[in-house]
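Asker: Would you mind keeping the following structure in view while I ask a few things?
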Amino acid sequence: MPRPRPPQKMPKALDAALKAAGAAAVVEPPPAFELHIRPLLRSLDREQMDFAFNLWHYPDVDPIGRFTLILNRLKSPAADVVMPPPYSGGPWPAEWIALFERWLAAGAPRLPLAQLDPASLTAARIAGTSLVRLTAMANLPSAGHVAWIERRFAEEVPFSPERADEFVLYERLVTASPAAVTPTPVEDVLELPTGVATVKFFGANGTFPVAVT
Ligand code: HEM
């Protein structure tokens, strides 16, 4: 059976705000760790650097200090200092280093989790498939924000960090919108191994187990 088409994800309020304000109103928020930086770090990088720190884990203490140390290595002109080392795929292309630098200059932001309405969460197996339809209502800071569901990346787990049964809702500002905030429906169809009876949703207000129907 072919995979169903992904649902239309543009919330109505955002669509209206974008049309009213025109393309110029689309804002470009700074890069975010989970969206633009962590995906640049390979499993090999994470593993080899484990003697010093977990490269996939955003540090709880002094993140700017850690990421400044990292930037200095990424940018180093010395072949025996630059990271990743030239003998294992390094150094990064200049565009990646510029992105990292821009992200750090913006204060090394993370991608915020969305506030979830726990009563709204559902996970419905699409019969006879390895797919599940996940739905949630998110309370976003403004009508100019979007939220989406993706598989949780468990940064503490070295080799298979993408959890089969855990999903996270992120939010992101897309356009400055004066429109009133209303709960925003968020939905997607994602893979879930057959036989899994419960999934977990991760949001800003907590982690919520939900039975698969
Ligand atoms: C983007 C990927 C990487 C980043 C951001 C990175 C970053 C760093 C940093 C910040 C240090 C200094 C640690 C300290 O002073 O406490 C370091 C040291 C080191 N890294 Fe990496 N690393 C990366 C990938 C790798 C890989 C793939 C390897 C091995 C194949 C590696 C091997 C080493 C070694 C052996 C040292 C210690 C020797 C030295 O100080 O030059 N790194 N790395």
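The values are calculated or read from the model by the stated rules, or taken from the named source; none is laboratory data. Remember, it's a predicted structure, so these values are computed and weren't measured experimentally. Glycine gets a Cβ as well: all are built from the backbone with ideal geometry, and neighbour counts include every protein chain shown.
Asker: May I ask you to list the residues in the stretch 172-213 that are within 17 Å of the chain's Cα centre (by Cα) and without any contact (Cβ under 8 Å) to a residue 60 or more places away in the chain?
Answerer: Result: Leu190, Lys200, Thr207.
Asker: Check Trp103 against each of (1) surrounded by 14 or more Cβ atoms within 10 Å (Cβ to Cβ); (2) modelled with pLDDT under 95; (3) touching a Pro at 6+ places or on another chain (Cβ under 7 Å) and name the one condition it does not meet.
Answerer: Every condition holds for Trp103 apart from (2).
Asker: Being part of a strand (DSSP E or B) and either over 30 Å from Ala164 (Cα atoms) or in contact with a strand residue (DSSP E or B) (Cβ under 8 Å, 6 or more places away or on another chain) (or both), is that true of even one residue in the stretch 90-104?
Answerer: No.
Asker: Hey, can you tell me all the residues within the stretch 106-144 that are surrounded by 16 or more Cβ atoms within 10 Å (Cβ to Cβ), farther than 14 Å from Phe208 by Cα and without any contact (Cβ under 8 Å) to a residue 60 or more places away in the chain?
Answerer: Listed by number, the residues that qualify are Arg133, Asn139, Leu140, Ser142.
Asker: Next question. Could you please tell me which pairs satisfy a Cβ distance under 6 Å, a separation of 6+ or placement on different chains, a first residue in the stretch 68-84 that is polar (S, T, N, Q), and a second residue that is more than 6 Å from the ligand (Cβ to nearest atom)?
Answerer: Matching pairs, first to second residue: Ser76/Val82.
Asker: What are the pairs, 6+ residues apart or on separate chains, where a residue within the stretch 31-59 that is under 16 Å from Arg73 (Cα atoms) and not assigned by TED's automatic domain parsing to the domain that holds Pro158 has its Cβ under 6 Å from a residue that is assigned to a helix (DSSP H, G or I) and of a type outside the set (S, T, N, Q)?
Answerer: Ile37/Trp103; Leu40/Trp96; Leu55/Asp45; Leu55/Arg46; Leu55/Met49
Asker: Continuing with the same structure: Hey, Leu14 hits all of (1) surrounded by fewer than 17 Cβ atoms within 10 Å (Cβ to Cβ); (2) at pLDDT below 95; (3) hydrophobic (A, V, I, L, M, F, W, C) but one; which does it fall short on?
Answerer: The number of the failed condition is (1).
Asker: Check every one of the strands (runs of 3 or more DSSP E) wholly within the stretch 109-182 and list those with 2 or more residues that are among the charged types (D, E, K, R).
Answerer: Details: elements: 122-125, 131-139, 145-153, 162-173.
It comes to 145-153, 162-173.
Asker: Check Arg110 against each of (1) on the phi < 0 side of the Ramachandran plot; (2) within 11 Å of the ligand (Cβ to nearest atom) and name the one condition it does not meet.
Answerer: For Arg110, the failing item is (2).
Asker: Report yes if Ala147 is buried (at least 18 other Cβ atoms within 10 Å of the Cβ), touching a residue at least 60 places away in the same chain (Cβ under 8 Å) and among the hydrophobic types (A, V, I, L, M, F, W, C), otherwise no.
Answerer: no
Asker: Being part of a helix (DSSP H, G or I), exposed (fewer than 14 other Cβ atoms within 10 Å of the Cβ) and away from the ligand (no atom under 11 Å from the Cβ) is the filter here, so list the residues in the stretch 51-64 that pass it. I'd like the intermediate steps shown before the answer.
Answerer: Keep residues of the stretch 51-64 that are part of a helix (DSSP H, G or I), which gives 51, 63-64.
Right, trim to exposed (fewer than 14 other Cβ atoms within 10 Å of the Cβ) and you get 51, 64.
The answer is Ile64, and nothing else.
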